[in-house]
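Worksheet for the structure shown next.
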Amino acid sequence: MNRPDFTRLAPLLFSLGLAACLGPASPAAEPPSTSALPAPSSALPTPLYEFRPGTPDGLGKWFLGREIAHYMSHQGAMWLERPEREDEEQPTKLLDALKLQPGNVIADVGAGSGFLSWRMAKRVGTHGLVYANDIQPEMLAILRTNVTAHGVTNVVTILGTTTDPKLPTNAVDLAIFVDVYHECDHPYEIIRGVAQSLKPGGRLVFVEYRGEEQWIPIKPLHKMTEAQVRKEMALQPLEWVETLHLLPRQHVIIFRRKD
Ligand SMILES: C[S@@+](CC[C@H](N)C(=O)[O-])C[C@H]1O[C@@H](n2cnc3c(N)ncnc32)[C@H](O)[C@@H]1O
């Protein structure tokens with residue numbers, strides 16, 4: 001089953017000036033924005049990005065040999081909540097493997113409709129917190145409705161930009177991108193910002209459809225190989241920890257902030 005093509009309207013919608021930060025789902029304090037990003041790697045390619053004609057699903061913008069996908073419009077939010085997703089992605093198995101602890105601070109980057117946000121919020125409990133970040137205010141509005149419907153009060157929404165996740169610095173135990181990183185249009189900058197938000201030793205987790213396996217029914221640009229993710233993270237102040245192969249269609253690629 002291929003993901004419906006909700007992506008074509010997304011750049012237009014975003015360009016309509018949707019840059020204000022939404023309020024929190026719970027009445028928690030607004031987090032400070034990032035500052036003092038880590039020194040850039042000396043191995044950065046020049047130019048960082050290449051532009052050339054690409055595929056219909058892509059931006060015609062390339063990073064380290066990978067074409068970046070269009071991001072998914074909020075008009076596709078229902079697809080994120082499809083009932084069969086439980087079987088296809090097995091979020092319970094994913095979250096068990098991540099061993100979230102009560103009191104943890106989580107950043108759900110590209111949180112979409114909040115499919116993972118409220119589940120993680122329940123695991124970290126009221127002494128913990130989930131920052132639910134997205135670049136589309138409409139997604140965050142849907143997310144707040146879903147979070148409230150699940151009786152969760154420890155989710156704070158953050159409207160980021162494509163170059164700055166606007167997460168607090170040195171504050172996050174675990175940042176997670178679920179089906180998001182392949183569509184970040186400034187992948188280098190967004191990961192720098194997320195790395196800055198991690199506490200020393202904090203983890204950064206990518207859950208992506210496996211690009212190595214052709215049978216997985218998602219468009220190629222919406223999958224990533226482990227090798228590509230690791231190549232891109234080698235430019236960041238991160239070290240690879242492990243890759244988990246426990247989900248039917250996705251791999252779980254885990255890094256830790258280097259200090
Ligand atoms: C396919 S959806 C996945 C949503 C959610 N993680 C889930 O698993 O249900 C991708 C989401 O990433 C968001 N996104 C795309 N680029 C982003 C960026 N640079 N920073 C934050 N969110 C981004 C999109 O707006 C969209 O809501």
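The values are calculated or read from the model by the stated rules, or taken from the named source; none is laboratory data. Note that the coordinates shown come from a computational prediction; the quantities given were computed from them, not determined experimentally. We place every Cβ from the backbone using ideal geometry, glycine too, and count neighbours over all the protein chains shown.
For (1) away from the ligand (no atom under 16 Å from the Cβ); (2) within 24 Å of residue 54 (Cβ to Cβ); (3) in contact with a strand residue (DSSP E or B) (Cβ under 8 Å, 6 or more places away or on another chain); (4) aromatic (Phe, Trp, Tyr), each residue gets a yes or a no:
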| site | (1), (2), (3), (4) |
| --- | --- |
| 194 | no, no, yes, no |
| 199 | yes, no, yes, no |
| 221 | no, yes, yes, no |
| 240 | yes, no, yes, yes |
| 248 | no, no, no, no |
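For the stretch 50-108, which residues satisfy the criterion of being more than 19 Å from residue 222 (Cβ to Cβ) and within 13 Å of the ligand (Cβ to nearest atom)?
86, 95, 106, 107 - these are the residues of the stretch 50-108 that are more than 19 Å from residue 222 (Cβ to Cβ) and within 13 Å of the ligand (Cβ to nearest atom).
Regarding the stretch 25-32, can at least one residue be identified that is on the phi < 0 side of the Ramachandran plot, at pLDDT 95 or above and not aliphatic (A, V, I, L, M)?
Initially, the stretch 25-32 is screened for residues on the phi < 0 side of the Ramachandran plot, giving 25-32.
In the following step, the residues that additionally are at pLDDT 95 or above were identified as none.
No: zero hits.
Residues 156, 152, 180, 124: which one is out of contact with any Cys (no Cβ under 7 Å at 6 or more places or on another chain), buried (at least 20 other Cβ atoms within 10 Å of the Cβ), free of Cβ contacts under 8 Å to residues at least 40 places away in the same chain and not aromatic (Phe, Trp, Tyr)? Working first, answer last.
Working: 156 fails: free of Cβ contacts under 8 Å to residues at least 40 places away in the same chain; 152 fails: free of Cβ contacts under 8 Å to residues at least 40 places away in the same chain; 180 fails: free of Cβ contacts under 8 Å to residues at least 40 places away in the same chain.
Sole residue among the options that is out of contact with any Cys (no Cβ under 7 Å at 6 or more places or on another chain), buried (at least 20 other Cβ atoms within 10 Å of the Cβ), free of Cβ contacts under 8 Å to residues at least 40 places away in the same chain and not aromatic (Phe, Trp, Tyr): 124.
For residues that are in a loop (DSSP other than H, G, I, E, B), under 16 Å from residue 105 (Cβ atoms) and out of contact with any strand residue (DSSP E or B) (no Cβ under 8 Å at 6 or more places or on another chain), tally how many sit in the stretch 115-151. Break it down into steps so the answer makes sense when it comes.
Here is the first cut: in the stretch 115-151, the residues in a loop (DSSP other than H, G, I, E, B) are 115-116, 125-128, 135-136, 150-151.
Filter once more, keeping what is under 16 Å from residue 105 (Cβ atoms): 116, 125-128.
Then keep just the ones that are out of contact with any strand residue (DSSP E or B) (no Cβ under 8 Å at 6 or more places or on another chain); that gives 125-127.
Count: 3.
Condition first: under 24 Å from residue 80 (Cβ atoms) and of a type in the set (A, V, I, L, M, F, W, C). Now tell me which residues in the stretch 160-179 satisfy that.
Matches in the stretch 160-179: 167, 172, 174, 175, 176, 177, 178.
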